[in-house]
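Beneath this line is the structure, given in structure tokens, with notes to follow.
No lab work stands behind these numbers, since they all come straight from the coordinates. The shown structure was predicted, so the numbers you read here are calculated from the model rather than taken from an experiment. Backbone-built Cβ (ideal geometry, glycine too); neighbour counts: all protein chains shown.
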Amino acid sequence: MDNVTTELPIFNDTNVTCSTPLLWTKESTDSRNSQLYVCIIASIMHGFFWLQLVFCSSVRQKSMQWLYAYLVTDIFLLFRFFFIYIIRTTSTECNPSRSWVLFVCYFEATVDNYLNILEVYILLALNICRYVQIAYNRNVYRIYTKTLIFTHLGIYFLSLLYLLIQFIFGWTELVEYIRDRCEATYTNIYIQVFNMIIGFALPISLNILVIYVSVHHVHLTSNLRQTQHHVSAREKYNRSLVIQFLVFYTIWLTLWSPNIIVYQISFSSANLSLIVKLLNFIEIVLDPIIIAALDVRFWQVWRKIWVSVTNIIPRKRRIQPLTTNPHVLSVKKPQLRNNGF
């Protein structure tokens with residue numbers, strides 16, 4: 001079943017024989033320059049963040065696996081953009097292989113949605129783990145190791161299967177705009193509503209519910225401790241976890257949700273699509289900054305680095321030679337003793 005629709009552009013020159021279907025027009029390239037700059041900045045920010053993970057063992061912990069899984073999806077989103085950008089700005093072949101064109105189009109139209117679905121369910125899993133840690137004081141990353149492994153695999157493979165089935169049964173079709181973009185659209189309103197529920201409404205509602213019960217639990221325990229005039233370190237830590245996630249989730253939802261909503265309703269406006277994708281890339285820039293700024297473990301790493309740098313600089317100043325001329329010998333004069341005269 002052919003589920004690919006091709007939209008041909010209107011050229012002023014009717015004698016055009018070389019269509020170069022994968023090559024962006026100048027207008028399409030210029031409209032994505034802002035996305036390119038943001039993605040370059042995002043790559044630099046993520047590079048600095050992952051260097052901390054390589055050189056600092058204190059941030060390589062099981063309890064941070066969901067955060068790192070989330071940030072890996074950011075890396076793949078950046079890779080997806082640069083891959084499409086390079087292909088779309090360098091493919092000058094007049095009649096490329098149809099299989100290659102279809103691969104590029106499917107990659108462009110579906111990978112973005114797949115990775116965004118992964119992100120929302122990864123954050124849901126992180127939120128649930130934190131609630132269990134707050135409410136039941138259990139280290140889920142040690143007690144439920146096998147469950148976490150199956151949860152990871154389930155999120156990655158079920159999300160992929162969920163998207164593939166829609167193309168196999170013809171519920172989703174690919175729309176190819178020659179020399180501009182490729183998009184996935186739904187064939188009927190029922191599939192559109194179903195995707196809106198699975199890809200946006202359901203995970204967002206569950207996240208809000210888990211955040212609410214976490215905040216409610218912290219509020220009840222804090223009121224109880226105040227009546228006893230004692231606040232334990234665990235209660236302070238749980239309160240900080242809830243605040244951190246609220247800040248991060250608010251920023252993430254503000255920048256992430258427009259892209260998902262526009263995608264799910266299959267809105268065909270190119271300008272609106274570019275704007276919401278730009279917001280999504282801005283969110284990718286902010287992700288490592290927010291996560292590192294809100295997590296005390298990264299603050300401790302930065303503190304150690306700062307202490308090491310401040311200790312090295314004075315030491316270098318003390319061992320500087322007295323003269324820069326290699327042929328001149330410097331002799332240290334003995335200190336004269338004070339004999340009382």
Which of the trypsin sites (Lys or Arg not before Pro) across segment 133-205 are loop residues per DSSP, with 14 or fewer other Cβ within 10 Å? R138
Everything considered on the Cα gyration tensor (a ≥ b ≥ c; rounded for a/c under 1.5, else prolate if a/b is larger than b/c, else oblate), segment 4-306 must be described as prolate
What pairs in K146/K304; K26/K277; K62/K277 have C-alpha atoms more than 25 Å from each other? K146/K304; K62/K277
7 Å from Cα along Cα→Cβ at both T147 and S34: what's the point-to-point distance in nm? 4.5
Which shape class, rounded, prolate or oblate, goes with segment 168-226 when its Cα gyration tensor gives a ≥ b ≥ c as root eigenvalues, a/c under 1.5 marks rounded, and past that a/b bigger than b/c marks prolate? prolate
Give me P(r) over segment 20-97, computed from all C-alpha to C-alpha distances, binned every 5 Å, as integer percentages. 3, 13, 18, 18, 13, 11, 9, 7, 5, 3, 0
Given charges at Cβ of Lys, Arg, Asp, Glu: segment 4-306 dipole, positive-most of M64, N139, L161: N139
Quarter of Cα convex hull surface for segment 138-179, i.e. mean projection, nm²: 5.1
Ranking L22, I149, I87 by how far each Cα lies towards the positive end of the charge dipole of segment 4-306 (+1 on Lys and Arg Cβ, -1 on Asp and Glu Cβ), the top one is I149
Could you run the Karplus curve 6.51 cos²θ - 1.76 cosθ + 1.60 with θ = phi - 60° over segment 38-55 and give me ³J(HN,Hα) per residue in whole Hz, x for Gly and Pro? 5, 5, 5, 4, 4, 5, 5, 4, 5, x, 4, 5, 6, 5, 4, 5, 6, 9
